[in-house]
Amino acid sequence: MPTTSVPTAFRPLSGLRTIRHKLAVILALPTGALVVLAGLGTASQAGRSAAAGHISDQVAVITDTHAFVGELQRERGLTAGLLGGEEGFRAKVAAQRVQADSARATLDRQLEGNTPGADAVRTALGKLSGLSSVRGRADTATIGTTEELAFYTDAVTALTDAAFAGSNAAVSDDQLRADLATLRSLGDATEAAALERGTLNGVLAAGTFRGEDYPSFVRILAAKSNALTQVGRTASGSQQAALDAALRTQAATSVSDTEQQVLSAYRATRLPVKAADWWNAASTLVDSLHAVQTAVAADSRSHTAELRSAAERQLALDAALALLAICGAILLGVAATRSITRPLGELSREADELADRTLPESVARVRDAAAGEDPAEIASSVSGAALAGSALAGSPLPGRRDEIAQVATALNRVAGTALRLAVEQTVLQRNSTESLANLGRRNQNLVTRQLGFLSSLERGEHDPGVLANLFELDHLATRMRRNAESILVLVGERSPRRWARPIAMGDVIRAALGEVEDYRRVALRQVDEALVDGGAVAEVAHLLAELIENALAASAPDTDVELYARAQGPDYLVAIVDHGHGLTEQELAAANLRLSGAESFLVGRTKLLGHYVVGRLADRLGARVRLAPSPVAGVTASVLLPGLLFGAPSPGLAHSGAAR
């Protein structure tokens with residue numbers, strides 16, 4: 001009988017005849033590695049504990065810096081009102097300077113130690129070296145409002161940037177990072193509101209906008225809106241609720257009303273708002289925003305304390321686990337006296353059953369869960385294969401049942417992990433769809449409001465040049481609305497734009513042209529008019545706009561895209577002909593597959609999302625869309641709209657010709 005040679009790497013084990021000794025040697029290396037990893041984990045937890053303490057100290061610096069910034073903001077606004085000519089603010093300015101100096105003293109005490117971020121804040125305080133001079137010049141009215149606002153604003157910006165310098169770099173906790181980002185965004189929003197308060201206070205005190213006051217005011221409004229939007233991206237539910245409550249107060253409403261009055265009457269020689277009334281309402285709003293900041297800062301400090309406590313607990317746990325692992329490894333080596341021979345046949349059959357039938361069927365059930373079903377509940381009902389139980393019950397070697405159960409349980413955990421991944425993917429897909437729908441609705445609402453605002457500007461504008469620019473903006477906004485509606489289409493949402501009455505097909509086509517960029521290159525060769533059901537108008541226009549946009553992109557800039565629209569019995573056919581390079585047979589087949597709605601946009605190329613939008617719209621409308629080669633060159637997109645979308649055509653509507 002031939003002998004089997006032992007590889008050189010395993011010869012040291014060949015002299016060990018017992019499983020006990022072999023297991024002891026085998027377990028020695030992972031046990032040592034485990035000890036090393038446990039030591040590294042312990043050191044890591046110690047570092048996290050120290051980092052949490054540093055962040056807590058930095059949040060304290062941020063809090064005191066914001067308190068001082070708030071007092072500077074109030075002093076800036078009162079001084080602006082005084083310089084605008086409102087003498088009633090002189091006493092308030094004097095009192096506010098005392099408050100600001102007190103807050104500065106508190107901040108200086110906070111910066112005395114080696115607190116993280118203290119050096120940057122101390123450097124930023126150098127921006128206030130000329131504060132006494134500015135105050136004196138304000139008292140004697142020898143400084144302009146613009147210069148005064150710029151001085152305070154530069155100091156506030158420098159202090160805010162310094163307080164947050166490097167804060168996120170040392171933060172690994174997502175919630176804490178979000179809290180700090182929210183705190184920063186709130187600071188920006190509060191600064192914008194305070195700067196608005198001071199700027200408009202000076203304007204109202206003077207009675208009218210002067211110089212660059214109005215453009216500055218508009219920029220401040222935009223900055224405030226942007227900062228509040230940023231807060232919503234990182235704030236928790238309770239933080240957002242607190243902010244919403246602050247923005248719904250009577251003072252916030254009064255501020256919004258005053259903004260609208262001032263914007264409407266910005267050319268007036270005398271603005272219709274008193275400086276004192278504006279100051280009181282704006283100050284209340286700024287104070288409310290400061291209160292929200294304080295609450296978020298408190299949340300951050302509370303969370304850093306929790307992180308520090310959790311790190312200390314984990315430090316002790318890691319040490320205990322390391323000791324337990326060492327003891328367990330020794331016990332396993334001593335206790336490994338039995339054979340590790342396993343009933344591999346039974347185990348292999350159970351594993352094959354799990355891999356070939358149980359797991360695929362369970363994953364399919366999770367992925368195919370209906371809209372009202374919870375994928376996690378489905379997974380919990382099917383995640384456990386019968387492997388462990390059958391192995392215990394049917395094992396021909398009952399003395400080995402524990403070892404069999406361990407391996408079986410490990411395989412079941414693999415199955416459970418696969419199912420959990422399927423659940424996570426299903427939930428992620430649903431959440432992504434809901435997020436896209438929410439984003440699409442928000443964008444659509446904003447663009448709709450923008451279009452309404454542009455329409456009002458167009459009606460009130462008589463300068464041809466400005467009016468042309470407004471029309472161009474209106475056209476861009478209309479295209480943006482189509483993009484927002486494309487998102488809603490992809491996630492299965494319907495367009496909220498509906499008409500109570502049928503709309504002429506010519507108007508629908510013109511609406512589609514209004515949603516593409518180079519609409520002047522589209523030649524309407526023939527349009528047989530019919531009345532489109534009002535509920536389908538927006539979706540028909542959207543479908544045509546996507547196809548026209550593709551045709552324009554495929555054509556050379558100096559060529560036209562031709563459009564033919566003809567009645568076909570009860571149905572209606574629209575043909576869009578481009579004169580580009582065309583597509584190969586394979587590309588046409590792939591494009592028609594996308595246009596049929598049979599392929600998901602999640603697996604396609606992002607640059608071809610328009611095809612998936614058309615496919616969804618066509619499926620919803622009952623239309624058939626197909627691409628085919630044009631007679632000479634290019635591609636013809638044919639859209640056959642069903643007669644159910646049309647009513648009887650009105651007399652005199654049909655027309656044809658090469659219209660633009």
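The values are calculated or read from the model by the stated rules, or taken from the named source; none is laboratory data. All figures in this text were calculated on a predicted structure; none of them were measured in a lab. All Cβ positions, even for glycine, are placed from backbone atoms using ideal geometry, and neighbour counts span all protein chains on display. These accessible areas exclude ligands, DNA and RNA; they are computed on the full protein's heavy atoms, side chains included. Shrake-Rupley method; radii C 1.70, N 1.55, O 1.52, S 1.80 Å.
Tabulated values for the structure
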| read-out | value |
| --- | --- |
| Relative intensity, log₁₀ I(q)/I(0), of region 259-323 from a Debye sum that treats every alpha carbon as a point, q = 0.24 Å⁻¹ | -0.98 |
| Solvent-accessible surface ranking, highest first, for F217, F453 at 1.4 angstrom | F453, F217 |
| For region 129-204: span of alpha carbons on each principal axis (Å, largest first) | 51, 28, 13 |
| Debye, to nearest 20: dipole size of region 54-152, +1 on Lys, Arg Cβ, -1 on Asp, Glu Cβ | 140 |
| Sequence of W278, W499 from largest to smallest accessible area, 1.4 Å probe | W499, W278 |
| Global geometry of region 507-593, whether rounded, prolate or oblate, following the gyration tensor of its Cα atoms and the 1.5 cut on a/c | prolate |
| List T284, T146, T182, ordered by accessible area with a 1.4 Å probe, largest first | T146, T284, T182 |
| Rounded accessible area of H579 (nearest 10 Å², 1.4 Å probe) | 80 |
| Prolate/oblate/rounded call for region 104-263, Cα gyration tensor, a/c under 1.5 rounded | oblate |
| Part-to-part distance (alpha-carbon centres) for region 254-325 and region 495-518, which is given in Å | 44 |
| For region 552-576 versus region 187-239, the gap between their alpha-carbon centres in whole angstrom | 49 |
| Spherically averaged projected area of region 64-132 from its Cα convex hull (nm²) | 4.6 |
| Prolate/oblate/rounded call for region 508-551, Cα gyration tensor, a/c under 1.5 rounded | oblate |
